[in-house]
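No value in this document is a laboratory result; all are computed from the given coordinates. For clarity, every value in this text was computed on a predicted model and none was experimentally measured. Reconstructed Cβ throughout: ideal geometry from the backbone, glycine too, with neighbour counts over all protein chains shown.
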Amino acid sequence: MTPTDLIFDAGFLTAAATAFAAGFLSFLSPCVLPIVPPYLAYMGGVTVSDMGTGRPSARGRVLLAALFFVLGLSTVFLMMGLGASALGQALGAWKDTLARVSGLVVMIFGAHFIGVYRIGFLDREMRFDTGDQGGSALGAYLLGLAFAFGWTPCLGPVLGTIASMAMVEGTIGRGMALLSAYAAGLGLPFLIVAAFFPSLGGALAFMRRNMGRIEKISGLLLWTIGLMMLTGQLSDLSFWLLDTFPALAELG
C-alpha cells in the first residue's frame, strides 16, 4: 500500500465529504457571506460596482486576489490540520475517549447554531488589520491569513468539528487532507463569486435572506456529526457506504 493509499482510501471519503460541506456552510454563515463582495473588491483594488459590470480587467484582478486570499486561509487551515493530527497521535492511547469527548463538544456547538441556547463568544469575531494592502497579491494572501485567524470564534464550531475529526483520523496526512477539504469548501465559493459576481446577485441576496435557516441547517449537521462521533457511527457510515456502493472500494 502506497502513502497515497493510506490517505485517500474509500473509508476517508465520508469524512472528506463532510469537511467540504462544512466549509461551504461556513461560507454561508452570517459573519462570512455579507462581507464577501466588499472583501473581494478591496483585495482586487476595485469597487463593488466595478465587479458588477463584469469587465474582464476588473474580473481578472478580483479573481487573482481571491486566489491568493484562498491560499492564505488554506495555509492556516493546513497548519491546524497538522497540529490537530499531531495531538491526536500523541493521545493515541485515549483515541476512543477523545472521539467521544469531541463528539459531545460538537453536539454542544450544534445546539448553539440550532438556537437551543446561545454561546456568547461564538457570536463575535476578531478582525486583524493587515494595513492598506488592497489591490496586491501579497495583501490578499495576508488578508487570507488574517481571515482564518480573525474569524475563528465565528467559524469555531464548524472548524472545531473538522479539527476534532482530524485528531482521530490516525495519521498526519489524513488530518491535513481533512482540513484541506474544509478549506476547499470554504475557499471555492470565494473563487466562484469572484469569477461570476455579475450573475450571482440574486443567489447571494437569497442566501442573505435565509441566513437563519442556513444557520439552523449548519447546527443540525454539527449536532448529527457530534452524535455519530460520540456513538462511533461515523466509521459505521463509511462501512455502510462501501457495502452499498462497492465501486467506492476502487478509490483506495
* To do: Over all alpha-carbon pairs of segment 164-230, lay out the pair-distance distribution in 5 Å bins, whole %, shortest bin first.
  => 3, 14, 13, 19, 19, 13, 10, 6, 2
* Computed E for residue 203/residue 75 - FRET, C-beta separation, R0 25 angstrom, nearest 0.05 -> 0.30
